[in-house]
Structures are given as structure tokens and as C-alpha cells.
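Worksheet: the structure to be examined is printed underneath.
The values are calculated or read from the model by the stated rules, or taken from the named source; none is laboratory data. From a predicted model like this one, the values you see are computed outputs, not experimental measurements. Cβ coordinates were reconstructed from backbone atoms using ideal geometry, including for glycine residues, and neighbour counts include every protein chain displayed. Only protein heavy atoms, including side chains, enter the accessible area calculation; ligands, DNA and RNA are left aside. Shrake-Rupley method; radii C 1.70, N 1.55, O 1.52, S 1.80 Å.
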Amino acid sequence: MAKLDPGHAALLGFKTIIEPFRIHSTQRIVFPTREERLEAIQRAGWNLFGLHSDDVIIDMLTDSGTGAMSARQWAGMMEGDETYAGSNSFYAFRDAVREITGFEEVIPTHQGRAAERILFSILGGPGKVVPSNTHFDTTRANVEYSGAKAVDLVIQEGKIPSSEHPFKGNMDIAALDACISEAGAENVPVVMLTVTNNSGGGQPVSLENIRAVRAVCNKHKIPFFLDACRFAENAWFIKSREEECAEMTPLEIANAMFDLADGCTMSAKKDGMANIGGFLAMKCPKLAARCRDLLILTEGFPTYGGLAGYDMEAIAIGLREALDPLYLCYRTRSTAYLADKAVAAGVPIVKPVGGHAVYLDAAALLPDIPRSELPAQALAVALYVEGGVRGVEIGSLMFGDAASMELVRLAMPRRTYTQSHMDYVGEVIDRVAAKARAGEISGYRIVEQPSWLRHFTAKLEPLKPWL
């Protein structure tokens with residue numbers, strides 16, 4: 001366990017999780033009945049993305065842009081400078097990104113996938129190969145939309161939900177070297193590393209592994225970028241689990257992570273603690289110039305990039321707040337609290353518990369539903385129908401043949417729900433687990449799907465009628 005200052009020691013000295021903030025604004029929750037929920041999911045084509053917010057009691061679909069901002073962020077937004085070119089808010093935003101990443105070239109975008117689209121429009125293309133530990137959905141789609149091939153090279157332990165390896169998000173270094181050698185370094189325009197590894201259960205990447213990826217990239221003279229959406233949570237896990245970093249602050253660890261990379265894509269809707277926004281940052285001025293050309297074409301002028309000035313103010317403050325040790329301690333313990341509830345209900349989960357979500361192992365809970373019948377979607381729908389809890393499938397519906405596991409992610413919106421909300425979610429998990437064991441949950445088939453990112457808008461139907 002990493003050494004903590006007295007405030008953190010006090011937080012860990014008691015069983016009760018104490019939120020390191022006070023709540024002074026609330027939003028009403030609607031409580032639809034089971035019958036209303038069943039009607040709602042039918043109208044949505046059995047796709048949880050198609051529900052309206054008032055159809056949901058506890059929304060754990062994503063932690064992206066769904067959190068509560070702080071009083072300091074709201075106050076900062078009042079300082080928002082909406083000047084089209086040269087906004088003061090951009091420079092506040094730029095300085096915060098530089099302080100954390102060390103990258104001189106900072107390009108704002110309206111969210112993370114816009115940064116990915118710009119980067120891979122330039123670096124991708126037919127015949128190219130882009131390795132990562134595990135590409136998340138929009139990253140994979142943007143790579144493949146360019147004509148390139150997205151390759152996942154997470155360590156073997158990262159594919160086993162029950163494995164207790166402390167850094168299951170690590171890249172398989174030997175596999176990375178072999179992948180580059182097979183494809184030819186000239187065909188690998190960039191190596192990506194997702195921190196934390198969202199598709200693999202929110203698992204962290206060690207600083208040692210980041211150094212090893214850097215060494216392989218140096219050997220083959222290939223740029224190395226981080227998908228840094230949850231960089232602060234990854235830094236906290238490094239502090240907690242990597243002995244050499246126990247005395248470092250989360251900011252110092254983040255600095256060390258980014259110092260090993262050539263650039264990053266970032267959704268500020270995660271560890272930027274904001275409701276919208278992202279950025280592309282890098283060391284190379286020539287690549288940055290090409291990215292800005294495309295930014296102007298599709299997002300906006302380089303000092304706003306599709307964002308309002310007040311959004312950039314909120315992100316500048318949120319990036320620093322995400323590195324607060326008290327917040328990170330509370331965040332990871334809150335997630336672990338819900339994980340304990342799932343385990344107590346007899347539901348297999350991805351271990352160790354990640355920072356931003358609890359991942360239920362649908363394949364283990366529903367062994368009689370084959371992958372072709374989408375077991376994780378079946379479990380996700382059951383959680384909604386029985387208790388109004390909306391999670392998301394991360395399995396064969398989302399990734400098709402590239403899926404290595406069948407998971408349901410219950411994402412924790414930042415600073416949004418309390419312990420009693422998680423107690424309720426725990427009860428819903430327990431009820432659904434009982435139905436699973438009784439054989440009362442069946443699979444699904446896809447009846448309509450788009451060409452890209454099908455999980456967002458696909459229509460499905462159950463193989464057996466709901467009662």
C-alpha cells in the first residue's frame with residue numbers, strides 16, 4: 001500500500017467511505033415501474049442507448065461527461081472568454097494541459113473521438129497497423145475507418161477476468177515487438193496505449209510497462225501516444241501498486257507517464273471532470289501543424305476547437321482536481337464498495353477492481369448463453385428491467401469477433417451518486433443474479449445494425465419473451 005498523508009490515512013482508517021465534498025445542488029430521479037421499464041426497452045429496440053434519461057433510475061451507462069462539476073469549475077465558467085481567436089480561456093486550458101503532460105502542442109477538440117479522428121485521418125490509412133493494449137470502441141472505429149488495422153496486444157492476464165494481476169492493462173511487450181516486425185515498422189505509424197484499459201475492465205498500466213513500450217518504439221523509431229482519458233486513475237493505481245512510486249504524488253506520476261510518450265488523445269469528459277471536451281497534445285510541431293489544418297476544417301479555430309470558452313475553463317480546473325489524492329482515494333474505494341456488493345451476490349467480476357467501473361463477467365454468470373446470443377447484452381438488459389440500472393455491454397455486441405470477454409460495465413459517474421445509491425444497485429445485482437441462476441435470462445439477436453459502432457444504435461430482440 002502506498003504511503004498516504006494524514007488526511008488520506010484518516011479516510012482509510014474507517015469502514016465508511018466519506019465523499020471529499022459537500023452536495024449543494026441535486027437533480028430529481030424518476031422511478032418508472034417494472035412494467036414501464038419493460039415498455040421503454042421494447043421501444044428502444046432492446047438497446048440501452050435508446051432509452052430516455054427519465055426511463056432510468058441509476059444511470060451507469062458511462063462515466064463520460066456524466067459527472068458533477070465542482071463549485072470551482074462552475075465559478076471558473078463565469079470567467080469564460082468567448083473570443084473567437086486568442087481566447088484567454090484557451091491559454092488557461094493550454095497551461096493546465098502542459099503542466100500535466102509536458103506537451104507543448106495542445107489542440108482542443110469537442111471530445112476525445114474528435115482527437116482520434118484527426119490523428120488517425122493523418123497517420124492511418126490502408127495497409128497501416130496500429131497496436132494498442134486494447135483499443136476502445138471509438139478508437140478502434142477511427143483507426144479502421146481510415147483503412148488501418150487496429151491490433152490489441154494486452155497481456156494474457158488481461159483477458160482473464162478472475163486474474164488478480166495488479167496491472168492487467170499492460171501491453172504484451174514481446175507481442176508488440178513481433179507485431180511491428182511482422183507488419184514492418186514503416187507500416188506502424190503510431191503505437192497507442194490506453195490508460196486505464198477501459199475495454200479490459202478499467203485495468204491500469206504500470207510505469208514499468210510504459211517504459212518498456214517506449215523502448216520498443218525507440219527501437220523501431222515509431223511514435224508512441226497515450227489514450228489518456230483516465231490518466232489520473234492510472235496514476236493512483238501506480239502509486240498504490242508500484243513500489244518505486246509509493247512516495248510520488250499523482251501529478252508527479254502523471255508527469256512521468258506523459259514524459260515517456262510523444263503525445264496523447266484525451267477525452268476531458270473523464271479525468272478532465274467536465275461534461276464536454278477533449279484534446280490532442282504532442283511534442284512534434286510538424287504533426288501538430290497538420291492536425292490543426294484538419295481541426296480548422298472540421299472542429300474550429302485552434303484556440304477553441306469546437307469548445308466554448310467556459311468549457312475550456314472547466315476543463316483547466318477539472319484536470320487538476322482529478323489529481324487530488326483525496327478525490328482519487330474516494331473514487332477508487334467507492335468503486336470497490338460496489339464490487340464487494342456484486343461479489344457478495346455471487347456474481348463474477350473483473351479483478352482487481354478498476355477505478356471508474358465495476359465489470360460483471362456475463363460469460364461466467366450466464367454460461368448457457370453462447371457468445372452468438374450476446375450474453376453481456378442479456379445481463380445488461382436484465383439489470384435495467386429488474387431495477388432500472390442502466391449499464392453497458394462490452395463484449396460481442398460492441399466489438400464483434402474482436403471481443404475477448406463478455407462484460408457488463410457499471411460505470412461510476414464522478415461525484416454523482418452516494419453510498420445508498422450503490423446499496424440499491426447491489427440489491428438489483430443480487431436479484432438479477434438469482435434470476436440468472438434460475439435460468440430466467442435468455443439471449444438476443446441483432447435485427448438491425450449500422451456499419452460502424454453498431455452497439456450505439458443497433459436494434460435487437462430477445463430469443464424468448466420477457467414475463
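Things to note:
- Derived scalar couplings ³J(HN,Hα) [the range 393-405; Karplus, 6.51 cos²θ - 1.76 cosθ + 1.60; whole Hz; x for Gly, Pro]: 6, 10, x, 5, 5, 6, 10, x, 5, 7, 5, 9, 9
- Approximate spin-label separation residue 78-residue 340, in nm, with each point projected 7 Å along Cα-to-Cβ: 4.0 nm
- Mean sequence separation of contacting Cα pairs (under 8 Å, at least six apart), scaled by the length of the range 317-467, corresponds to a relative contact order of 22 percent.
- For the range 255-372, the Cβ-based charge dipole about the Cα centre amounts to some 160 debye (Lys, Arg positive; Asp, Glu negative; other atoms uncharged).
- Inter-label distance for residue 52 and residue 16, nm, one decimal - labels placed 7 Å from Cα along Cα-to-Cβ: 3.9 nm
- For residue 461, distant residues with modelled amide H under 5 Å away: 445, 447
- Between the range 435-467 and the range 36-62, the Cα center-to-center distance that results, in Å: 13 Å
- Counting only protein heavy atoms and a 1.4 Å probe, the range 340-467 has 39 square angstrom of accessible area per residue.
- The alpha carbon gyration tensor of the range 35-85 gives principal lengths a ≥ b ≥ c with a/c of 1.5 or higher and a/b greater than b/c, which makes the shape prolate.
- Protection-proxy order for peptides 67-77, 349-359, 375-385, 150-160, each taking the mean of Cβ atoms within 10 Å per residue, highest first: 375-385, 349-359, 150-160, 67-77
- Over 20 Å (Cα to Cα) - which of 15/341; 239/351; 159/351; 239/269 fall in this group: 239/269
- Full extension of the chain between residue 215 and residue 182 yields a length gain of 10.1 nm, computed as 0.36 nm times the residue separation minus the alpha carbon distance.
- The long axis of helix 34-43 is offset from the longest Cα principal axis of the chain by roughly 60 degrees.
- Fraction of accessible area attributable to carbon and sulfur, the range 406-467 (%, probe 1.4 Å): 50 percent
- For residue 148, the residues whose amide H sits under 5 Å from its own are 125, ignoring neighbours fewer than 5 places away on the same chain, with H placed 1.01 Å from N.
- Accessible area of the range 15-138 belonging to carbon and sulfur atoms, whole % at 1.4 Å probe: 51 percent
- Ordering of 446-457, 218-229, 272-283 by packing is 272-283, 218-229, 446-457, highest average first (other Cβ atoms within 10 Å, averaged per residue).
- Whole-Hz ³J(HN,Hα) from phi, Karplus 6.51 cos²θ - 1.76 cosθ + 1.60, for the range 375-387, glycine and proline x: x, 5, 5, 4, 5, 4, 5, 4, 4, 6, 4, 6, x
- Taking the charge dipole of the chain about its Cα centre, with +1 at Lys and Arg Cβ atoms and -1 at Asp and Glu Cβ atoms, the residue from 364, 67, 352 reaching farthest to the positive side is 364.
- Solvent-accessible surface (1.4 angstrom probe) belonging to residue 79, in square angstrom, nearest 10: 130 Å²
- Here the chain carries DSSP beta bridges of which approximately 65% are antiparallel, counting only pairs with both residues inside.
- Under the Karplus curve 6.51 cos²θ - 1.76 cosθ + 1.60, θ = phi - 60°, whole-Hz ³J(HN,Hα) for the range 202-210, x wherever Gly or Pro sits: x, 8, x, 10, 6, 5, 4, 5, 4
- The range 77-140: C-alpha gyration tensor shape, a/c 1.5 cut-off, then a/b vs b/c: prolate
- Difference of contour (0.36 nm per residue) and Cα-Cα distance, residue 372 to residue 85: 98.2 nm
- Per residue, the range 272-325 exposes 37 Å² of accessible surface when a 1.4 Å probe is rolled over the protein heavy atoms with every protein chain present.
- Compared with the dominant Cα axis of the chain, that is its longest principal axis, helix 309-321 is turned about 80°.
- Length released on extending from residue 457 to residue 289, taking residue separation times 0.36 nm less the Cα-Cα span: 57.0 nm
- Other-chain or far-sequence residues with amide H under 5 Å of residue 280's (modelled H): 107, 109
- Helix 250-259 and the long axis of the chain differ in direction by around 60°, with both axes built from C-alpha atoms.
- Global geometry of the chain, whether rounded, prolate or oblate, following the gyration tensor of its Cα atoms and the 1.5 cut on a/c: rounded
- Taken per residue, the accessible surface of the range 90-221 reaches 34 Å², heavy atoms only and a 1.4 Å probe.
- Accessible carbon and sulfur surface of the range 364-404 relative to its total accessible area, %, 1.4 Å: 45 percent
- For the range 12-116: relative contact order, % (alpha-carbon pairs under 8 angstrom, 6 or more apart): 14 percent
- Rounded to the nearest 20, the Cβ-based charge dipole of the chain about its Cα centre (Lys and Arg +1, Asp and Glu -1) stands at 240 debye.
- For residue 42 and residue 431, the FRET efficiency from 1/(1 + (r/R0)^6), where r spans their Cβ atoms and R0 equals 22 Å, is about 0.60.
- Total formal charge among the other residues, if their Cβ is under 14 angstrom from that of residue 27, Lys/Arg +1 and Asp/Glu -1: 0
- When both the range 107-132 and the range 279-354 are represented by their alpha-carbon centers, they are found 17 Å apart.
- MRE, 222 nm, helices only [DSSP H, n ≥ 4, -39500 (n - 2.57), over the chain, to nearest 500]: -12500 deg cm²/dmol
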